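The values are calculated or read from the model by the stated rules, or taken from the named source; none is laboratory data. From a predicted model like this one, the values you see are computed outputs, not experimental measurements. Methodologically, a virtual Cβ is constructed for each residue, glycine included, from the backbone with ideal geometry; neighbour enumeration extends over all protein chains shown.
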Amino acid sequence: MGESKDNSKNQELKKDEVLENAPLEQSETQTTEALDEGEKPAEAASEDDLLTVYAAKIKELEEENSELKDQLLRKQADFENFRKRLSRDKDESIKYANSMLLLDLTTIIDDFERAIKSSEDSQDFKTLHDGIQMIEKRLVSELENKWGLIRFNSQNEEFDPERHQAIAMEESSETDKAIVLEDYQKGYMFHERVLRPAKVKVAQPAASSEQE
């Protein structure tokens with residue numbers, strides 16, 4: 001009898017616990033669902049904001065890219081114009097490089113004209129000869145002093161194939177090396193370089209009887 005009463009009490013206590021816990025669990029579930037439903041609009045708003053930010057950034061980058069393209073095109077156009085101008089200036093420099101030299105030569109031509117006219121009036125060969133000789137000396141001096149064109153004499157010098165072009169030879173027992181005997185056409189140096197070798201006659205050492 002005592003045990004059945006205790007069992008009845010335990011069962012009643014369990015029913016009370018179930019009744020008490022049931023509303024609590026339901027309330028917690030509803031609260032959780034309400035929180036979940038409340039977060040969704042916030043997430044959606046956050047995604048919209050991000051899309052707006054990304055779209056603005058993309059537009060900004062597109063504008064920057066377009067501006068950089070324009071700058072590149074302008075730079076290319078400026079470089080092409082500079083290249084053409086440089087090429088044109090180079091061509092003009094080459095074309096007119098000798099203008100000062102030619103200007104100096106015009107004064108020599110004037111001297112020749114005066115000498116010719118003077119000889120026509122006087123019919124004096126010596127006067128003409130002296131005048132031409134004076135003009136030739138002036139021309140050589142001006143080309144050397146102003147332009148670096150140096151005329152050199154080769155007679156009695158040792159033969160140098162870089163400075164001399166042998167157009168005649170003869171054997172000589174008086175020399176043991178090739179020597180220039182005569183200048184047929186004088187050579188010219190342009191600064192430190194041979195501009196035109198001299199045309200010369202060369203004396204070669206005579207061949208000995210043993211070599212024969």
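Cβ-Cβ contacts under 6 Å between residues 6 or more apart (or on different chains), taken from a first residue in segment 99-116 that is within 17 Å of THR127 (Cα to Cα) to a second residue that is part of a helix (DSSP H, G or I) and of a type in the set (Asp, Glu), are absent.
Residues that are closer than 25 Å to LEU149 by Cα and polar (S, T, N, Q) were ranked within segment 102-133; the one that is surrounded by the fewest Cβ atoms within 10 Å (Cβ to Cβ) is THR106. Could you list, in sequence order, all residues of segment 166-198 that are of a type outside the set (A, V, I, L, M, F, W, C) and either touching a residue at least 40 places away in the same chain (Cβ under 8 Å) or in a strand (DSSP E or B) (or both)? Within segment 166-198, GLU170, GLU171, SER172, GLU182, ASP183, TYR184, GLN185, GLY187, TYR188, HIS191, ARG193, ARG196 qualify.
Taking segment 146-164 as the search range and keeping residues that are in contact with a Phe, Trp or Tyr (Cβ under 9 Å, 6 or more places away or on another chain) and assigned to a loop (DSSP other than H, G, I, E, B), which one is nearest to ALA203 (Cα to Cα)? Within segment 146-164, the match that is nearest to ALA203 (Cα to Cα) is ARG163.
For segment 150-174, filtering for residues that are charged (D, E, K, R) and within 44 Å of the chain's Cα centre (by Cα) leaves 4.
Let's see how each residue does on (1) at pLDDT below 90; (2) among the aliphatic types (A, V, I, L, M):
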| site | (1), (2) |
| --- | --- |
| LYS15 | yes, no |
| GLU33 | yes, no |
| LEU51 | yes, yes |
| LYS84 | no, no |
| LEU103 | no, yes |
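Going by the conditions given, is GLU113 at pLDDT 90 or above and in contact with a strand residue (DSSP E or B) (Cβ under 9 Å, 6 or more places away or on another chain)? Answer is no for this residue. Residues that are surrounded by 15 or more Cβ atoms within 10 Å (Cβ to Cβ) and over 42 Å from the mean Cα position of the chain (by Cα) within segment 183-198 comprise just one, ASP183.
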